[in-house]
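Notes for the one structure printed next.
Rule-based calculations on the coordinates, nothing more; no lab input. Everything numeric here is computed off the predicted structure, so don't read it as measured data. All Cβ positions, even for glycine, are placed from backbone atoms using ideal geometry, and neighbour counts span all protein chains on display.
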Amino acid sequence: MVGEDNAISCELLQSQIDRILRSDEFRNSEVLTRLLQYLADKSVSGAADNLKEYTVAIEGLGKPSTYDPQINSVVRIQAGRLRQKLNEYYRAEGKNDPVLIELPKGRFRLLAAQRSLMPIAEEHTAPSVSDVPDNLPEFPPAPPRRFPAKLLVGLFLAMAILAGGLFLIWSTSKHSKDAALAAGWTPELQELWSPFVTSSRPLIISIEDPLFVELRSKPGIYYRDRSLNRWEDMKNAPAFKAIGKALKNPEIEPSRYYTAFGETSASFLLGRFLGWHAQVISLSRASQLTWQQLADNNVIFIGVQNLFFDQIQGLPIEPQLIAELDGVRNLHPAPGEPNFFADQYTTAPTEQGVIYALATHLPGPSGNNDIESFTSNRSAGYVGALQWFTDPKFAIVLTQKLKGVAGGRMPRYYQVLLRVKFKDDVPTEITYVLSREFR
């Protein structure tokens, strides 16, 4: 592991790796600690140049043998985070370290260079070794020699201009970000969203894409039964068979090209809200969300209830409030609570009425990540629920209620039931109903 002609002993390299792993930047990141040590071992042995993404996932990150680099980008994401963390380390704690270590983009071989002081004229003071560029040069340092005074003046002028420009960019970016945070981010919102904004895991926002049947007649007809979301169930449904017979059994195909405006609105709201806070956010359709993604990423689901709850069978915690087609079932009602909360609404000629919405926060399949869903039988329900979880004044009420069922502390996993009154599919009144803590 050299960069490129600098000979550095294995002992010196391992000493520097150990120093980095003990630092504040890396101490609390098990994933990056494991990845850095793995790449260091492979770089020292000379095997890093031949590493493939799949091998790094299995050996370096502990992923199962079913890992597919074509549909899962966790290796690239973690390599990018490792590159960023190394830069941050050398800007602060490691600014005086004797060895510089870098992970170049597109490679798995670490580069290392021994830091050396720049020789200068006798009448000048030695420059600080902390003035190190983010990207290490991949060539050996120039041999010692004396620099003409004019060259030194020009060099320091260029460095001053570069430093000033970088400071201007940093301060402008920091000011903009701090202004955005100060405008709406509160301690209560931090408590509600901490598992997603403080985690090193990527965040997937998953939106519903319900199953339709396309009957390829002229004109084309699309059929949807919202109680069914599997193709085999849909094809065998008696009502669908009757429709097919009436249309002389045209060719049929599954279709997931449609989603409601509410999902779009909710996704936009959530992306804008978390944009400054979550490190990596991506969007996925619910039908394409794999069990592996549920295990590797933090996930927020938005949509109709049964599209989500049908997929989470087998998670470590079983919900106490269960979504049904016409409301929410309360499996363990407390004294004075009903065992069922029924939706009451109309869909024609206008969308209006009362709908119940569930916010459910669960651990992932392995218990190491977070999954949260905002679900309801109408889009006004989950849009209303998201408004409560992203509005500072509602967040105060939510955190107080949640702490009330958890002995004064913020519960790690929970469910919240909200009553949403709406018209033309727009929430007009949102009321807290109850909450449950998962133990």
In the structure shown, do any of LYS42/LYS95; LYS403/LYS423; LYS63/LYS95; LYS42/LYS105; LYS393/LYS421; LYS235/LYS423 have a Cα-Cα gap over 23 Å, and if so which?
-> LYS42/LYS95; LYS403/LYS423; LYS63/LYS95; LYS235/LYS423
Label point 7 Å beyond Cα of ALA342 along Cβ direction - residues of segment 415-438 with amide nitrogen under 17 Å = 420
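So between GLU318 and ALA47, what do we pick up on full extension, going 0.36 nm a residue minus the alpha carbon distance? Numbers along the way, then the final one.
On the way: separation 271, 0.36 × 271 = 97.56 nm, distance 4.50 nm.
Using 0.36 nm per residue and subtracting the Cα-Cα distance, I get 93.1 nm.
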If you place +1 on the Cβ of every Lys and Arg and -1 on the Cβ of every Asp and Glu, how big does the dipole about the Cα centre of segment 342-405 come out, in debye to the nearest 20?
-> 200
Sites TYR432 and ARG272 - FRET efficiency at Förster radius 22 Å, r taken between beta-carbons, to 0.05 | 0.40
What whole number of Å gives the distance from the Cα centroid of segment 63-84 to the Cα centroid of segment 231-288?
-> 27
In whole µm²/s, the translational diffusion coefficient that Stokes-Einstein assigns to segment 212-255, given a Kirkwood hydrodynamic radius over C-alpha pairs, 37 °C and 0.692 mPa s, equals 317
Run the quick spin-label model on GLU191 and ARG230: label points 7 Å from Cα toward the beta carbon, then report their separation in nm to one decimal.
-> 4.1
